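Notes follow the structure.
A short reminder: the numbers here are calculations on the coordinates, not readings from a lab. A quick note: this is a predicted structure, and the numbers were derived from the prediction, not measured. All Cβ positions, even for glycine, are placed from backbone atoms using ideal geometry, and neighbour counts span all protein chains on display.
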Amino acid sequence: MGKDEYFNDIQIRILRVTEDLRAIQRELNCAAMEAPNDPELMEALSQLPEMDSLQVLKSALDQMRHFLWFYMQVITNESESGERLRQSIRQKIAGDQVLSPEASFLEKLKNLSDTALVKHLSDSKHRKPN
């Protein structure tokens, strides 16, 4: 797969996920507006499986939000600190023997982004505001 095809596939996936997230938000918004007037719907929405799936989605979105902030810092930062950060990522990838080859993509992504984010925040003079 060439670079252009790879980036085109990523772009298509981003558009599809963005569209799906907007649809989920619309549906949840409708449910939230109807639930106060419908006790059965309110009870159904607050059941454990529904709450678990929402918690999983929230966790994945939080992780992606942190990763995207980090990614934008790495990609758009041409300074010496940006290069140090990219170098620390390369060293972490080369020396990472904790994660097995069978580890999921999300585990690897989380480990990489967490490590790089901590390194960046500890080295950076300009910290991200809360």
Handout entry: Where labels lie 7 Å past Cα in the beta-carbon direction, separation of I24 and Q87 in nm
Key = 3.9
Problem - Integer Hz, Karplus 6.51/-1.76/1.60 couplings in order for the range 20-28, x for Gly and Pro - result: 4, 5, 5, 5, 4, 4, 4, 5, 5
Handout entry: Amide hydrogen neighbours beyond the local backbone of N77, cut-off 5 Å, H modeled
Key = none
Exercise for the section: With θ set to phi - 60°, apply the Karplus curve 6.51 cos²θ - 1.76 cosθ + 1.60 along the range 31-37 and write out the HN-Hα couplings as whole Hz, x wherever there is a Gly or Pro. Expected result: 4, 5, 6, 7, 4, x, 9
Exercise for the section: Provide S88, S53 in ascending order of the number of other Cβ atoms located within 10 Å of each residue's Cβ, fewest first. Expected result: S53, S88
